[in-house]
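No value in this document is a laboratory result; all are computed from the given coordinates. Everything numeric here is computed off the predicted structure, so don't read it as measured data. A quick note on method: Cβ atoms are made from the backbone with ideal geometry, for glycine too, and the neighbour counts reach across all protein chains shown.
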Amino acid sequence: MTRPASVAALTETLCAGGYLADRGLSTAAYVALTLDRPLLLEGEVGVGKTEIAKTLATVLGRRLIRLQCYEGIDTNQALYEWDYARQLLQIRALSEAALADEGAVDALFGPKFLLERPLLDAVRTGDGAVLLVDEVDRADDEFEAFLLELLSEFQITIPEIGTIRAERPPLVVLTSNRTRELHDALKRRCLYHWVDYPDFDREVEIVLVREPGVSETLARRVVAAVTRLRELDLAKAPGVAETIDWVRTLGAVGAADLDPQTVEDTIGAVVKDRDDLDVVRAHVHELSRG
Amino acid sequence: MADATGTAFLETLVGFGRALRAAGLPVGTGDVQTYCAAMEPLDPTDLLDLYWAGRTTLVGRREHLPVYHRVFREWFLGVPGEPDEARPFNRPDAPEAWADLQLPEPERSGEEREQQEAPMGLVGSDVATLRAKSFADCTPDELAALRRIMRTVRLTPPRRRSRRTAPAVDGRRPDLRRTVREALRTHGDPATLRWRERRVRPRRLVLVLDVSGSMADYSRALLQFAHVTSRAARRVEVFCFGTRLTRITRELEHRRPDDALARAADAVVDWEGGTRIGASLDAFVREWGRRGIGRGGIVVICSDGLDRGDPALLESAMRRLARRCHRVVWLSPHAGSGGPPSLGMTVATPYVDRLLPARDLDDLERFARTLAVLG
């Protein structure tokens, strides 16, 4: 699919895909697409950073390639790995004479024996892919260095083979929860957008888009309750994802309204910290009043 | 877009970039180029496009957003922004609640120092007495001398095994890459298995320094110690608090100690104001702890525990903190002095793994030794 013609068109396309993006996020995504620049999204947990990448992939008709970062992730898991078992078999199949031949050995470290990992996969797929590098702050700083070449040149260098370059770069979305400061070298290569909590009306819209079965009255009451929860002094304020979870939970137990008993029963979908639960229990009546 | 207006427009954008730079944002030429390129397919007469395209290309840090917002209003709308509005964190609540930090004398150059030291014989006291002299009684010159000694303190945070592996003589995971490479020599017989082992890396160290009035005599020395620490070990985070918490890790990154200390002093607004330990630690846990800054790390709190806030808040903050990091160490100038513990200390102690004195340099060196063996 071709790129959307304007920011408004992109917003509409995203909306059709079930994601309500505000002007800032749409502009950032649009600029990332037109300039072929990676987009770094930061924001509180559960504001839809990962979701936007998934939706972009769907609405643009691209394949989503996801790399979940974790501590200790390295080239073998992120870029490529050699297929050692096949290499060994191949060596044994070759005669001694054949092994003396340079070409045969070179072939052992050729594309045939290369296992693709997400980043290499994304470079090879090019603009048919949306590459999501999720929670990049969870990886250690050594890993950021691996990413630099990819982010600026959309290429990967494999010593035995050479440089593999994306002819048309994939859309790269990085997300971070800011558990640590990312390196400036990484940030410099990216566009940056801070994703905020949506305002009340937008969050109601989001709930209605994501859970079409729910009544608007209930959606408004749940969003009002969640907004109130965010004002309470909680260690972990609920994100939009939690709002949707809560609505879904209410649907599952067949609740049509948010009365104190229902709040009490289903609060586990929104608040997941024991100390926070104590705070919330003291305010159950306010929450159910809506 | 006509050429003439195009050039004028570009100049406006470049000027905006310059204005941001003047306001202290790290905006490079490349960033401005990206901004101009981003505006190409967008509508130059649309303020929202101008705003958002600039925000996504020129700003790389959430803290810079208010400044961006203000400069944007000034530049494109001609609305003079209030400097205070843009930097809400630097506005002191009550002017009398804070005073300038008196920094130790700047380092003298080598020659100057010799001239000074010769007649004064290292500021009039020998190293041994200086080591055991309470920070509270030190003159600025003595503090400067202490700083030089502090540099020799070796700080090695305990280590933990990382998920990353390195080639090893022996280990649990076979190193297939090396094994296959060597099998080439033996015609595909993996004659010798090679191994990898998980590496070890130092735990993160988080220093939380009390710089309130009751700690005023110690905070300078502790700040010096923090600077030396952040230069000596990687992965060190430094926070200060009196009535509110400030992160000064970036300020301390500066190589020259005087610059680093001056910058840190600028960043902290409530030097020698009151103490709200509970509220500050609570802010630390919420803002940073929850995001995992202390996870698997050692949190070192330097405070006398004289809290003017609610003990219940301190208790809950300490409880959360203890759960979110590997070890909590509390350094107090009064620990082990025999006096009755402050209320804050009494509340916090159950959640502290080690309570150590920090009255003088000997104490800090003892802390450095304890740190290395803190399992």
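Note on A:Tyr70 and A:Phe200: the model spin-label points, each 7 Å out from Cα along the C-beta direction, lie 4.2 nm apart. Count the net charge of all other residues whose Cβ sits under 11 Å from the Cβ of A:Leu208, scoring Lys and Arg as +1 and Asp and Glu as -1. Residues near A:Leu208 contribute -2 overall.
Neighbours of A:Ala107 by Cβ distance under 12 Å: Lys/Arg scored +1, Asp/Glu scored -1, total -2. Its Cα centre serving as origin, the stretch B:209-366 has a Cβ charge dipole (Lys and Arg +1, Asp and Glu -1) of approximately 880 debye.
So the label point goes 7 Å from the Cα of A:Ile161 along Cα→C-beta, right? Which residues of the stretch A:47-83 then have their backbone N under 15 Å from it? Once the point is set 7 Å along Cα→Cβ of A:Ile161, A:75-83 turn out to lie under 15 Å by backbone N, inside the stretch A:47-83.
Shape of the stretch B:205-372 from its Cα gyration tensor (a ≥ b ≥ c, root eigenvalues): rounded if a/c is under 1.5, otherwise prolate when a/b > b/c, or oblate? It comes out rounded by the Cα gyration axes.
Among the trypsin sites (Lys or Arg not before Pro) found in the stretch B:203-235, those both in a DSSP coil and sparsely packed, with 13 or fewer other Cβ atoms within 10 Å of their Cβ, are B:Arg234. Calculated FRET efficiency, B:Arg323 to B:Thr7, Cβ-Cβ distance, R0 = 56 Å: about 0.40 to the nearest 0.05. Under 12 Å from a point 7 Å along the Cα-to-Cβ line of B:Leu184: which residues of the stretch A:92-133 have their amide N that close? Counting backbone N atoms under 12 Å from the label point, the list is A:99-110. As a proxy for reagent exposure, ranking A:Thr11, B:Thr192 by other Cβ atoms within 10 Å from fewest up yields B:Thr192, A:Thr11. Here the gap between A:Ala98 and A:Leu232, fully extended at 0.36 nm per residue and compared with their Cα-Cα distance, gives a gain of 40.9 nm.
Cβ crowding within 10 Å ranks A:Val226, B:Val32 as B:Val32, A:Val226, fewest other Cβ atoms first. Here is the list for the stretch A:108-190: GluC sites (Glu not before Pro) lying in DSSP coil, each with at most 14 other C-beta atoms within 10 angstrom of its C-beta, are A:Glu160, A:Glu167. Spin-label pair B:Arg177-B:Gln33: with each label point 7 Å from Cα along the Cα-Cβ axis, the two points sit 3.3 nm from one another.
Rounded to the nearest 10 degrees, the angle from helix A:7-16 to the longest Cα principal axis of chain A is 80 degrees.
For A:Asp121, neighbours were defined as the other residues whose beta-carbon sits under 11 Å from its Cβ, and their charges (Lys and Arg +1, Asp and Glu -1) total +3. Taking 0.36 nm per residue of separation and subtracting the current Cα-Cα distance, fully stretching the chain between B:Ala372 and B:His69 would add 104.5 nm. The distance between label points at A:Glu286 and A:Ser6 comes to 4.4 nm (points 7 Å beyond Cα on the Cα→Cβ vector).
With the Cα gyration tensor of the stretch B:189-283 giving a ≥ b ≥ c as the square roots of its eigenvalues, does the rule (a/c under 1.5 for rounded; else a/b larger than b/c for prolate; else oblate) give rounded, prolate or oblate? Prolate.
Under 5 Å between amide hydrogens, built in the peptide plane, is the criterion, and for B:Arg160 it picks out B:Arg201, B:Arg203 among residues at least 5 positions away or on other chains.
By other beta-carbon atoms within 10 Å, ranking A:Asp196, A:Asp278 with the fewest at the front produces A:Asp278, A:Asp196. The C-alpha atoms of chain A define a longest principal axis, and helix A:240-252 lies at about 70 degrees to it. Computed from the Cβ-Cβ distance with R0 of 30 Å, the FRET efficiency linking A:Ser152 to B:Arg295 stands at 0.45.
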